[in-house]
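Written out below as structure tokens is the structure these notes cover.
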Amino acid sequence: MKKRNTINYFFTVLLFLVTCFIASNIFIVFWKGSPYLKEALLSEEIQFSMRMSLKTATISTIIVMFFAVPSGYILARKKFWGKQIVNAILEIPLSLPYLVLGVCLLTFFSSQIGKELRELGLPVVFHQNGIVFVQLLLNIPFAISMVRSLIEEVDPGLELVAQQLGASSFYIFYSIIFLLCKRGFLSIALLCWSRAIGEFGGTLMLVGVTRMKTETLPGSIYLNISTNHMELAMATAILLLIIAMAVQLTGKFLNQKNMNLWRIER
């Protein structure tokens, strides 16, 4: 019993140290940047970067979920040749540094394909459209993995019973998978949205960071630090922290509601 208590105390101390380390870093940003938060909110540059971040993150998240939900469903419920290969390919971006993802996109869109897209009116390299593509490559594999795990939690027997009762495949998907997982889907979308807003490395490689053109909130922090405007950088970091904390709290609330719904259905 004493040994068990000893290990519990040790683990508790480690947990306390990790919590203090994270909390102290967040606190110092709020402490240093809060006096300049009003100035940042009134800054035309920060307002531009905020609009850019919100716009691109929202567009990319809608596209991500459009592909992730059906893709995750197929991976969770269907067996097909090459499934393991598909899983392996989808998992590669999850372990790559964001800078490498940016290099991949830069190489791809600098090829003939990128030139043809530019002629069709869809420039990507050093353009705002590139920000969306970076966020897509960052979040699509992540969202598919999360959706697949979420759908795997739903009892397949429910779908089998509905199928035996003559329900169509679309009705089965909507009435069982979608309705049971809708809060989980929304939570995944919020998490992808937050990740998209905070992305910087891939964006830096593909579109660069040009003031008032391809400047997102992380890009604004980078530019302000580069020009020794630490106050604005800290204030902008506070905005990102507030967004991240709001998304985390909302996601936890939705996940809790989703678990309660599954318990009722079962």
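The values are calculated or read from the model by the stated rules, or taken from the named source; none is laboratory data. Since we're looking at a predicted model, the values are computed, not measured. When we count neighbours, we look across all protein chains shown, and the Cβ atoms used for this are built from the backbone with ideal geometry, even at glycine. Heavy atoms of the whole protein, side chains included, go into the accessibility calculation; ligands, DNA and RNA do not. Shrake-Rupley method; radii C 1.70, N 1.55, O 1.52, S 1.80 Å.
So if I check each of Ser95, Ser34, Ser43, Ser24, which one is among the hydroxyl-bearing types (Ser, Thr, Tyr) and at pLDDT 90 or above?
Details: Ser95 fails: at pLDDT 90 or above; Ser34 fails: at pLDDT 90 or above; Ser43 fails: at pLDDT 90 or above.
Exactly one of Ser95, Ser34, Ser43, Ser24 is among the hydroxyl-bearing types (Ser, Thr, Tyr) and at pLDDT 90 or above, namely Ser24.
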Report task. Could you grab me the full set of residues in region 195-209 that are more than 20 Å from Leu249 (Cα to Cα), open to solvent by 30 Å² or more (accessible area, probe 1.4 Å) and in a helix (DSSP H, G or I)? Result -> Leu204, Met205
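Can Ile26 be described as at negative phi, among the hydrophobic types (A, V, I, L, M, F, W, C) and touching a residue at least 24 places away in the same chain (Cβ under 8 Å)? Outline the logic, then answer.
Numbers: at negative phi: yes; among the hydrophobic types (A, V, I, L, M, F, W, C): yes; touching a residue at least 24 places away in the same chain (Cβ under 8 Å): yes.
Against the criterion (at negative phi, among the hydrophobic types (A, V, I, L, M, F, W, C) and touching a residue at least 24 places away in the same chain (Cβ under 8 Å)), Ile26 qualifies.
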Report task. May I ask you to list the residues in region 222-243 that are more than 14 Å from Leu37 (Cβ to Cβ) and touching a helix residue (DSSP H, G or I) at 6+ places or on another chain (Cβ under 6 Å)? Result -> Ile225
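With the structure loaded, tell me whether Tyr73 is touching a helix residue (DSSP H, G or I) at 6+ places or on another chain (Cβ under 8 Å) and over 30 Å from Arg211 (Cα atoms) or whether it fails that test. Please lay out each step first, then the result.
Numbers: touching a helix residue (DSSP H, G or I) at 6+ places or on another chain (Cβ under 8 Å): yes; over 30 Å from Arg211 (Cα atoms): yes.
Spelling it out, Tyr73 is indeed touching a helix residue (DSSP H, G or I) at 6+ places or on another chain (Cβ under 8 Å) and over 30 Å from Arg211 (Cα atoms).
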Query raised in the report: Hey, any hits in region 37-52 for a residue that's farther than 29 Å from Ala189 by Cα and of a type in the set (Phe, Trp, Tyr)?
Result: no
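Any idea which residue in region 88-99 is nearest to the chain's Cα centre (by Cα), counting only those that are surrounded by 15 or more Cβ atoms within 10 Å (Cβ to Cβ) and over 12 Å from Ile140 (Cβ atoms)?
Selected residue: Tyr98.
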Report summary line: Those residues of region 53-79 which are more than 24 Å from Ser220 (Cβ to Cβ), open to solvent by less than 80 Å² (accessible area, probe 1.4 Å) and not β-branched (Val, Ile, Thr) amount to Met65, Ala68, Pro70, Ser71, Gly72, Tyr73, Leu75, Ala76, Arg77
Query raised in the report: Only one of (1) surrounded by fewer than 19 Cβ atoms within 10 Å (Cβ to Cβ); (2) among the hydrophobic types (A, V, I, L, M, F, W, C); (3) over 30 Å from Ser110 (Cβ atoms) fails for Met212. Which number is that?
Result: (3)
Query raised in the report: For Ile46, all conditions in the list (1) farther than 30 Å from Glu152 by Cβ; (2) open to solvent by 100 Å² or more (accessible area, probe 1.4 Å) hold save one; what is the number of the exception?
Result: (2)
Report task. Could you please find all residues in region 108-119 being surrounded by 11 or more Cβ atoms within 10 Å (Cβ to Cβ) and in a helix (DSSP H, G or I)? Result -> Phe108, Phe109, Ile113, Gly114, Lys115, Leu117, Arg118
